[in-house]
Amino acid sequence: MSTMAVPDVAVAPVDEGFWTRSRKVGLTLLALGLLAAVLFGALATDQQARFTLSDDAAGAALEINGTIGAILFGIIAIAAGAALLAGVPKRWFLPVLAAGLVGFVLSFLCWQVSAAPAGQNFMPLVNIIRGTFILALPLIFGALAGVLCERSGVVNVAIEGQLLMGAFSGALFGSLSGSVWVGLVAAAIGGAFISLLLAVFAIRYLVDQVVMGIVLNLLAVGVTGFLYERLMQTDAEKYNSAPRFSNWEIPLLKDIPVLGPALFRGNIFLYLGLLLVLVIHIGLFRTRWGLRTRSVGEHPTAADTLGVKVLRVRYRNVLLAGVVAGIGGASYTLALYSFTKNMIGGKGFIALAALIFGRWNPTGALLAALFFGFADQLATYLGAINSSIPSQFLAMLPYLATILAVAGLVGRVRAPAADGKPYIKG
Amino acid sequence: MSDPTPQSGSPDKEPASEAQAAQNALGNTEQAESATEPTRPASSKPDPEAEPKPSLGRLFLDNLWAANTFTVTLLSLVLAIVVGAVLMIVSDPDVLHTYTYITARPADAFNASWTLVSEAYANLFKGSVFDPEAFSGWLNGSNGWQAVLAPISETLTYTAPLVFTGLAVALAFRGGLFNIGAQGQATIGVIMAALAGFLLPLPPGLHLLVAVLAGALGGALWGFIPGILKARAGAHEVINTIMLNYVATYFLTWLIVQNGVQDPTRTDAISKAVDNSAQLPRLLGDNLRVHAGILLAVVATWAVAWLLNRSTLGFELRAVGANPDAARTAGISVTRTYILIMVFSGILAGLGGSNMVLGSTASALTPLVVAQIGFDGILVALLGRVKPWGVLLAALLFGALQAGGNRMQSYSGISLELVTVLQALIVIFIAAPALVKAIFQLRAARAARLQTSLAKGW
């Protein structure tokens, strides 16, 4: 994206004297660390901040004095920032940055947990991790749908609509048939239906893909909302009482401390989502399909010259994206809640943000989705302990992070070169 | 962004006559026909297939079925209405039941469907344009003249904010930027306008002026951010405006419940009400909701048309939109233009936002005070073919759908969501003229110009 900058503003070259990107990031981190050590340290109380390795206050825990913890972790962030400022080898950049950010977050948490009302000075890590994954799940599916679409050169702003349609048809047909599996297939088809519209209009009729995505989101909101009011509200028993997947415990893995109860006692969607990340990552970078997809997304003319059927690849990928997003939508209605109007509520756009933040990369998208899910879960947690931080500001975090990423402050992001450009064989 | 290939069929390249046709496309059918008629013979003269000397009437009929902007727009409307009817039928269990014995008594299914659909659409019309019952009631004195004008008043009330957001999106489009952030800009606009409306103790006329300007300022600020990020860092405005929409929404939900903003007598999320001195005056008495916002909207349309077509900035803006590289070579500062486009676009969206709280739709901030005007504005801009007066007419159509949808919901029990479906469908069909052409077997005349190719990458 940023390489497509307005050309009279030269794209910042990698080497621009002393103030390289790594140093700027270092300076920012240093400032954040100072803020953490001084401000969080001052605000934290002398209570012990407990990070328990369980679902509640009981069990083993990491314990630290609030003030000391806030200052200590702040100093870690300062040290990481200083290291980046002093200059570190390139391959150390990411680990040092990560360490610094983790220090900052922990310093913040020490302040918050120690300042919580008496008796609530603990943070149940298992609970937090599980919540993070549950909240990140639709984002993971959505972002993967984005990866599939955009790597082949079709901008997918319709993720929201695909998730919503998947959730709706999963609920509807799951209820009618009484079978979760029918619901799951119907959800995949529902998502693929929105995708089909996107593909036909973007590829066949050359409609602007962003425009089409926006309009399809509205269409999905309208159609599902309309049918919800007409069918599901009048007869919820018949149309909106889909069966739900029960949780599957994975033998052995479920006994791993912390991660076991958090991750390996989940439902099918959790495993499917994580598996899909792996499959799509390998598929994209290790198989013939992936090579073709990427070549079509980067340089369709060259791919066409080599005999790749550009339009066919695009159709297939866009439809696959719809299937993935549709299943993601079903992770709501076939596992957690019954369908309500506009129930995705902007998650599709956070998924888009995760896709961009994760640099159009399945693994990156997973990490971004987890980060956004964590921010979401943290907002819930802080609300529960009556934090002074308004939850709305935490909810803004994914969006602000994406703006910073796109503006080039947190590393350069670049979309596939042919993303959004219709291919006309000539 | 720096895609060097000029975008074929960009709106700028359409000749003036096309603009004329687009403007008339949504208006009164008779008017539009008479207005577009004279332009047709000229355009089809070079057509080798044309008869040597066809009569004017024959030529007119030929062109009526050709794929021009007007015909495509009208047929898109028809298609959307048909799909809407199908949705109504399949979602009504009673009507659907008559289809189970359609082979035995087809009339049942037909009648039931017809009653359902025609009543719903009749209510849509009665709620937005003209209600014969209210008219006859006025003639025999059972209700006042207000009831006759009520549908129009409702339509205009919903139209006003859509004109502003539609213009905001259209203006940015003409400069080559896709402003999806009208929603966020309107949100910040509504916040600023409301704050000025209940925090500042000012005399009547001045108070309104300040509140409106505050809304514009809020929108300008929220437009400036993606503008400067685009110009300085090359960050794509589509992504940033999407993200800023949500930031604005969360900011609004946070702000409403703060001390000094929240209505002290309420516990739910609602702010204090805007002072009377800061409210836009109603035009037709207190019983009808239409307010001065619609007049502002017409003025804004004129101003944007002037800005685009007559001013230096408008020329630079269109040049940058058509081809940034060429514009730069010609000495136009592309970065400056991008920032200005987004600021102006934000001002318009902010004004749309202030309409929502200073007009008659609401007088206090709530989490949903801006409704969907920003997203609807995108559809309005596309339907209006990104031309100022076209946007005004498109907003009128959308306003009418909204107003009629309310009546359809309360009288026929058809959910308001159907209006969203209709709006989305109209724009989908408009955006793909080739599809409409294929469905109705339109002649291919002037089809090349109808290619929607606003396409660009991230």
What ranking do A:Glu150, A:Glu229, A:Glu249, B:Glu417 get, fewest neighbouring Cβ atoms within 10 angstrom at the top? A:Glu249, A:Glu229, B:Glu417, A:Glu150
Whole-Hz couplings from phi, Karplus 6.51/-1.76/1.60, listed for the stretch A:262-269; x for Gly and Pro: 7, 10, 9, 10, x, 9, 4, 5
Write down the radius of gyration of the stretch A:231-305 and its Dmax, each obtained from C-alpha positions, in Å. 20.5, 56
Give me, ordered by chain and number, the residues 5 or more places off A:Phe122 or on other chains with an amide H under 5 Å from its own placed amide H. A:Arg50
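Which FRET efficiency value, to the nearest 0.05, is calculated for B:Ser277 and A:Ala31 with the Förster distance at 60 angstrom and r the Cβ-Cβ distance?
In this case the efficiency is close to 0.85.
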Quickly work out the B:Val90-to-B:Leu313 label distance, labels modelled 7 Å from Cα along the C-beta direction, and quote it in nm with one decimal. 4.8
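Listed here are the pairs A:Lys24/B:Lys230; A:Lys309/A:Lys421; A:Lys24/A:Lys90; which of them are more than 18 Å apart at the Cα?
Distance filter (> 18 Å) returns A:Lys24/B:Lys230.
In which sequence would B:Ile439, A:Ile194, B:Ile332 go, from the one with the fewest C-beta neighbours within 10 Å to the one with the most?
B:Ile439, B:Ile332, A:Ile194
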Computed over the protein assembly as shown, the ratio Rg/Rh where both radii use C-alpha atoms and Rh is Kirkwood: 0.97
Take the alpha-carbon positions of the stretch A:48-160, form their convex hull, and give its projected area averaged over all directions (one quarter of the hull surface) in nm². 10.2
Relative to the present Cα-Cα distance, how much length would full extension add between A:Ala98 and A:Ala302 at 0.36 nm per residue of separation? 69.6 nm
For the residue pair B:Asp286 and B:Ala104, what label-to-label distance in nm results when each label sits 7 Å from Cα along the Cα-to-beta-carbon direction? 6.0
Within a 10 angstrom radius of the beta carbon, how do B:Arg385, A:Arg50 rank from fewest other beta carbons to most? A:Arg50, B:Arg385
If the label point is 7 Å along Cα→Cβ of B:Ser142, which residues in the stretch B:407-426 have backbone nitrogen under 20 Å from it? B:411-412
Please report the base-10 log of the normalised intensity I(q)/I(0) for the stretch B:261-309, using a Debye sum with one equal scatterer per alpha carbon and no solvent, at each q in 0.15, 0.20, 0.27 (1/Å). -0.65, -0.80, -0.93
Over chain A, what is the mean sequence separation of C-alpha contacts under 8 Å (at least six apart), divided by residue count, expressed as relative contact order in percent? 23
Can you compute the equivalent ellipsoid semi-axes for chain A, i.e. the square root of 5 times each eigenvalue of the Cα gyration tensor, sorted largest first and rounded to whole Å? 37, 31, 18
If you build a Gaussian network model of chain A, linking Cα atoms that sit under 10 Å apart, which residue out of A:Ala118, A:Ala44, A:Ala61 swings the most? A:Ala118
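Take peptide A:212-221, look around each residue's Cβ out to 10 angstrom, count Cβ atoms belonging to other protein chains, and average those counts.
Mean partner-chain Cβ count within 10 Å for A:212-221: 6.
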Can you give the Rg and Dmax of the stretch A:148-304 based on its C-alpha atoms, in angstrom? 18.9, 55
Give the whole-number value, in cubic angstrom per residue, of the convex hull volume spanned by the C-alpha atoms of the stretch B:186-234. 59
What full-extension length gain, to one decimal in nm, is calculated for A:Val279 and A:Arg414 as 0.36 nm per residue of separation minus the Cα-Cα distance? 46.3 nm
Subtracting the Cα-Cα distance from 0.36 nm times the residue separation, let me have the gained length for A:Arg23 to A:Leu53 in nm, one decimal. 7.2 nm
Rounded to two decimals, the Debye log10 I(q)/I(0) of the stretch B:270-405 (Cα scatterers, no solvent) at q = 0.10, 0.19 Å⁻¹ is -0.42, -1.17
Excluding B:Tyr338 itself, calculate the net charge of residues whose Cβ lies under 10 Å from the Cβ of B:Tyr338, where each Lys or Arg counts +1 and each Asp or Glu counts -1. +2
Per 10 Å bin, what is the whole-percent P(r) computed from every C-alpha pair distance within the stretch A:171-239? 19, 39, 28, 12, 0
Pop out the Kirkwood hydrodynamic radius of the stretch B:65-108 from its pairwise C-alpha distances, inverse of mean 1/r, in Å to one decimal. 12.5
If packing is taken as the average count of other Cβ atoms within 10 Å, what order do B:386-393, B:308-315, B:348-355, A:201-208 fall into, highest mean first? B:348-355, B:386-393, A:201-208, B:308-315
q = 0.11, 0.16, 0.22 Å⁻¹, the stretch B:73-183: log10 I(q)/I(0) [Debye, one scatterer per Cα]: -0.64, -0.94, -1.11
About its Cα centre, the protein assembly as shown carries a charge dipole, from +1 on Lys and Arg Cβ atoms and -1 on Asp and Glu Cβ atoms, whose size in debye to the nearest 20 is 2260
Using θ = phi - 60° and the Karplus relation 6.51 cos²θ - 1.76 cosθ + 1.60, list the HN-Hα couplings for the stretch A:171-178 in order, rounded to whole Hz, with x at every Gly or Pro. 5, 5, 6, x, 5, 4, 8, x
Which value at 222 nm does the protein assembly as shown reach when only helices count, each DSSP H run of 4 or more adding -39,500 (n - 2.57), with the total divided by all residues and rounded to the nearest 500 deg cm²/dmol? -21000 deg cm²/dmol
With a Förster radius of 51 Å, plug the Cβ-Cβ distance of A:Ala82 and B:Trp302 into 1/(1 + (r/R0)^6) and report the FRET value to the nearest 0.05. 0.30
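Bear in mind that the values in this text are calculations on the coordinates, not laboratory data. All of these numbers come straight from a predicted model, not from anything done at the bench. FYI the Cβ positions are ideal-geometry reconstructions off the backbone, even for glycines, and counts take in every protein chain you see.
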